[in-house]
Amino acid sequence: HPTLPCNVLKFKSTTIMLDCGLDMTSTLNFLPLPLVQSPRLSSLPGWSLKDGNAFLDKTELIDLSTVDVILISNYHCMMALPYITEHTGFTGTVYATEPTVQIGRLLMEELVNFIERVPKAQSASLWKNKDIQRLLPSPLKDAVEVSTWRRCYTMQEVNSALSKIQLVGYSQKIELFGAVQVTPLSSGYALGSSNWIIQSHYEKVSYVSGSSLLTTHPQPMDQASLKNSDVLVLTGLTQIPTANPDGMVGEFCSNLALTVRNGGNVLVPCYPSGVIYDLLECLYQYIDSAGLSSVPLYFISPVANSSLEFSQIFAEWLCHNKQSKVYLPEPPFPHAELIQTNKLKHYPSIHGDFSNDFRQPCVVFTGHPSLRFGDVVHFMELWGKSSLNTVIFTEPDFSYLEALAPYQPLAMKCIYCPIDTRLNFIQVSKLLKEVQPLHVVCPEQYTQPPPAQSHRMDLMIDCQPPAMSYRRAEVLALPFKRRYEKIEIMPEPPPRPAQPTSGKKRKRVSDDVPDCKVLKPLLSGSIPVEQFVQTLEKHGFSDIKVEDTAKGHIVLLQEAETLIQIEEDSTHIICDNDEMLRVRLRDLVLKFLQKF
């Protein structure tokens, strides 16, 4: 998922994970979790089963204990962090800015709260058996690696994961083992969002993920520091390149006003941070001129209060216009005034105070955008039967038609106004011409037009030389030209100190010369494929298939569902969720190589 990336960069003997996004679109395969028992949802066909809180698709392509560092670019790209820090051998350091950590905590806390407050009476996992899965209807029968899907983490795991993060500021230089220096730069997309510079003495890699050139509430994007890059890794572009964010905001306001004037209610499924700040700011300017000042705005989330407060206190991470308000002093965001005048009210859930204050017509901002859990499920059930009401989708992460599927037939109006301020392809072309990296690396999706618009050649990255693309689980060699390397030559160990001749007792210095660390042996040689296959068969592997590729060979162990890619200068064992099997195959490979 290019907007929720997770890439691993091996650079100068350092292994760096770039983001750990959590793709939650698999939740659309499951039934909603209602706060109040819903006879209608309960009576729907049971194909979707009971595992409504399992959604992590995780593949063990690498040994996570070898990852030295994780760099986080924004709070949407850290949602899988507890799975990595708490359930693998990862012992490295995580770097992120303070707003990223604090708002990421809010997103995780909301997610855990939504799942845990609707406990399941029973759990089902037999459907993950491949023989049963293929009998299920689409899309479940086509889902990849459902055996690796995981239940949602707990708050204890969230707190433990976040305690491992080291906070950094923009332009702060962090040394990694004396070999590499990493630096976060403002990306302009969200509060605290970062692009990263990863450089050695003579090479420079730029990681650009989730960036924006539009003038919204965060600090503007730092483009100048991206210049002179040997390689620029580009991910996290807009998911809706044909939609103009300003036009979508205007459409949002006009549809909201039209619904409320006709006596209907408006439901906005959203995350508790990010675009909601901009929507509230637009409504602040719009509601008086549209004659809607008496219509209440409700923001319902377990973390609503924290989110609104955090947005006001991270002044140094805001754009210059909002920073200057802090020194007047004024609140940087106008939603503070909406709260003071009781036009905007926030609640942790639909229970308690909200039930007493609730009046219609109104506008409700609540989660989750997937419509599968959270207070939004209750409002879809409550308002779905009336054509006066409208649900407006502003988050582009989920297909709104799939999100609505369990609620059909639906009388309420559905408006799709996706607002995504990340870079589009025109802005990317302009950025690349300005910063001029020697090479661009990006997901394969960005190097070809969208399948539904195959004639739109403008909806792809166009640069010279052509971008290097990668697919999921693909290993890519970056085109570095190593001309120089900085080394330090240490003097010989000092000679042993002479023994004292006088009779006085002195403290003796140890005569032992410190031992040097034993270096890992280097490997050389080639792997003869036929002999390797015979060795595999001797060790009990069957159903082996060999395919020739442009770079070498692929040995497919069909029964074990494992790939071994043998190339001229590297061998990769791709083995999901079976570390013992991976180590066993590694040892068989090593038998054909010489150590020196």
Quiz item: Could you give the nm distance between label points at Lys551 and Ile489, where each point is 7 Å from its Cα heading toward the beta carbon?
Solution: 3.7
Quiz item: What does the charge count near Ala96 come to, summing +1 for each Lys or Arg and -1 for each Asp or Glu among other residues with Cβ under 12 Å from its Cβ?
Solution: 0
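Kindly report the accessible area of the chain per residue (heavy atoms of protein chains, probe 1.4 Å, no ligands, DNA or RNA), in Å².
Numbers: 29940 Å² over 596 residues.
Normalised by residue count, the accessible surface of the chain is 50 Å².
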Exercise. Excluding Pro296 itself, calculate the net charge of residues whose Cβ lies under 10 Å from the Cβ of Pro296, where each Lys or Arg counts +1 and each Asp or Glu counts -1.
Key: +2
Exercise. Kindly provide the helix-only [θ] at 222 nm of the chain, computed as the sum of -39,500 (n - 2.57) over DSSP H runs of four or more divided by all residues, to the nearest 500 deg cm²/dmol?
Key: -7000 deg cm²/dmol
Quiz item: Taking +1 at the Cβ of each Lys and Arg and -1 at the Cβ of each Asp and Glu, which of Phe592, Gln448, Ile461 sits farthest along the dipole of the chain towards its positive end, judged by Cα position relative to the Cα centre?
Solution: Phe592
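Provide Lys486, Lys343 ordered by accessible surface of protein heavy atoms (probe 1.4 Å), highest first.
Details: Lys486 115, Lys343 50 Å².
Of Lys486, Lys343, the descending order of accessible area is Lys486, Lys343.
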Quiz item: What percentages, rounded to whole numbers, describe P(r) for the chain computed over all alpha carbon pairs with 20 Å bin width beginning at zero?
Solution: 17, 48, 27, 7, 1, 0
Quiz prompt | Mean shadow area of segment 386-434 over all directions, Cα convex hull, nm² | solution = 4.2
Quiz item: So for segment 523-595, what are the equivalent ellipsoid semi-axes in whole Å, largest first, each being the square root of 5 times an eigenvalue of the Cα gyration tensor?
Solution: 17, 14, 12
Practice problem: In nm, give the distance between the simple-model label positions of Val118 and Asp543, each being 7 Å from the Cα along the Cα-to-Cβ direction. | Solution: 3.8
Quiz item: Order of 209-216, 96-103 by packing, highest average Cβ count within 10 Å first?
Solution: 96-103, 209-216
Quiz item: Which of the residue pairs Lys173/Lys430; Lys486/Lys551; Lys538/Lys595; Lys227/Lys433; Lys164/Lys322 have a Cα-Cα distance greater than 22 Å in the structure shown?
Solution: Lys173/Lys430; Lys486/Lys551; Lys538/Lys595; Lys164/Lys322
Practice problem: Mind pulling the per residue volume of the convex hull built on the Cα atoms of segment 245-416? Å³ is fine. | Solution: 117
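Please identify every one of the trypsin sites (Lys or Arg not before Pro) in segment 220-323 that sits in a loop by DSSP and has no more than 15 other beta carbons within 10 Å of its own beta carbon. Mind showing how you got there, number by number?
Values: sites: Lys227, Arg261, Lys322; in loops: Lys227.
Those satisfying the criteria are Lys227.
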Quiz item: Pairing the Cα long axis of helix 304-313 with the longest principal axis of the chain, what angle in degrees results, from 0 to 90 and rounded to the nearest 10?
Solution: 70
Quiz item: Using alpha carbon centroids, what distance separates segment 444-492 and segment 261-308, in Å?
Solution: 41
Quiz item: So what is log10(I(q)/I(0)) for segment 150-202 at q = 0.32 1/Å, when the Debye sum runs over its Cα atoms only?
Solution: -1.15
Quiz item: How far apart, in nm, are two points set 7 Å out from the Cα along the Cα-to-Cβ line at Glu330 and at Gln531?
Solution: 7.8
Quiz item: Just how much of Arg151 is accessible, in Å², when a 1.4 Å probe is used and the result is rounded to the nearest 10?
Solution: 110
Exercise. On a 0 to 90° scale, report how tilted helix 579-590 is relative to the longest principal axis of the chain, with both axes built from alpha carbons and the result rounded to the nearest 10.
Key: 30
Quiz prompt | Accessible surface of the chain, 1.4 Å probe, proportion on carbon and sulfur as whole % | solution = 52
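Could you compute the net charge surrounding Ser429? Neighbours are other residues with a C-beta less than 15 Å from the C-beta of Ser429; K and R count +1, D and E count -1. The partial results should precede the final answer.
Working: positive: Arg422, Lys430, Lys433, Arg456; negative: Glu434, Asp458, Asp462.
Counting the neighbours of Ser429, the net charge comes to +1.
The values are calculated or read from the model by the stated rules, or taken from the named source; none is laboratory data. As the structure is a prediction and not an experimental result, all values here were calculated from the model. Ideal geometry is used to build each Cβ from the backbone, glycine not excepted, and the neighbour counts take in all protein chains shown. To get the accessible areas, we keep the full protein, side chains included, count just its heavy atoms, and leave off ligands, DNA and RNA. Shrake-Rupley method; radii C 1.70, N 1.55, O 1.52, S 1.80 Å.
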